[in-house]
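**Student:** Could you have a look at this structure, given as structure tokens, before my questions?
The values are calculated or read from the model by the stated rules, or taken from the named source; none is laboratory data. Worth saying up front: this structure is predicted, and the values here are computed from it rather than measured. As a convention, Cβ positions derive from the backbone with ideal geometry for all residues, glycine included, and neighbour counts pool all protein chains shown.
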Amino acid sequence: MATTHSSARNQGKRRPFAVGLLIWLQVLLALGALAGGGTFILAPDGHVIQMPLSNLKDSPFKDFLIPGILLFTFVGLVPLAVAYSLWKRPSWRWPEAINPFRDTHWSWAGSLAAGAIIILWITVQVLLIRAVAFLHVLYWVWGVVLLVLTLLPSVRRYFGVGPLHAGPQS
């Protein structure tokens, strides 16, 4: 039986406010992480943003290069790709192959993953540096908000899957 994702089912259907908010939150998260991660990649000693290497004394890192690459990739590129996919709902095959939620478009699963990634990132960061700052709390809450918005019924319905055909075409 052939199926199609919400991109076909939702054509002409108005995007819920929560979906628009989710897209913007993913974009803003991505832009901040791309800037921060990119800065650490270009200046691993942290001098550009006045981040002392002493912040890493209890971590496995000697400088900010590896954290910068991880930040840029997982908290920057992933949410940016998720935001695009939430907006356009492309029918790419490779993300669908790893989508554990067969009843929703893969971008919905990506949004869940992006929320979980930022929560995990902040939790590990706090554990490694053994300190909590306002930005840690802000981004941890940001991750929770991403999860809550993604799990809203209106968002789930918007990204649901419906049958395109009742059976094979003749």
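**Student:** Which numbered condition in (1) under 20 Å from LEU147 (Cβ atoms); (2) surrounded by 13 or more Cβ atoms within 10 Å (Cβ to Cβ) is the only one that LEU53 fails?
**Tutor:** Exception for LEU53: condition (1).
**Student:** Tell me, which helices (runs of 4 or more DSSP H) wholly within region 62-148 include 1 or more residues that are in contact with a helix residue (DSSP H, G or I) (Cβ under 9 Å, 6 or more places away or on another chain) and buried (at least 20 other Cβ atoms within 10 Å of the Cβ)?
**Tutor:** On the way: elements: 65-70, 78-88, 93-98, 106-129.
Passing ranges, in order: 65-70, 78-88, 106-129.
**Student:** Write out, first by first residue and then by second, each pair whose Cβ atoms fall under 6 Å of each other, whose residues are 6+ apart or on separate chains, and whose first residue, in region 37-61, is on the phi > 0 side of the Ramachandran plot while the second is surrounded by 16 or more Cβ atoms within 10 Å (Cβ to Cβ) and assigned to a loop (DSSP other than H, G, I, E, B).
**Tutor:** Going by the 6 Å Cβ cut-off, the qualifying pairs are GLY46/PHE64.
**Student:** For the condition modelled with pLDDT of 95 or more, of a type in the set (Val, Ile, Thr), within 10 Å of the chain's Cα centre (by Cα) and farther than 22 Å from PHE17 by Cβ, what is the one hit in VAL48, VAL75? Step through it out loud before you land on a result.
**Tutor:** On the way: VAL48 fails: within 10 Å of the chain's Cα centre (by Cα).
None of the other options fit; the residue is VAL75.
**Student:** Whether any residue in region 107-117 is more than 15 Å from ARG156 (Cα to Cα), over 13 Å from the mean Cα position of the chain (by Cα) and without any contact (Cβ under 8 Å) to a residue 60 or more places away in the chain is what I want to check.
**Tutor:** No - not one qualifying residue is present in region 107-117.
**Student:** Just for region 149-163: of the residues that are hydrophobic (A, V, I, L, M, F, W, C) and not in a helix (DSSP H, G or I), which one is modelled with the lowest pLDDT? Show your work before the answer.
**Tutor:** Initially, region 149-163 is screened for residues hydrophobic (A, V, I, L, M, F, W, C), giving 149, 151-152, 155, 159, 161.
Now narrow it down to the ones that are not in a helix (DSSP H, G or I): 152, 159, 161.
Values: LEU152: 94, PHE159: 92, VAL161: 49.
Selected residue: VAL161.
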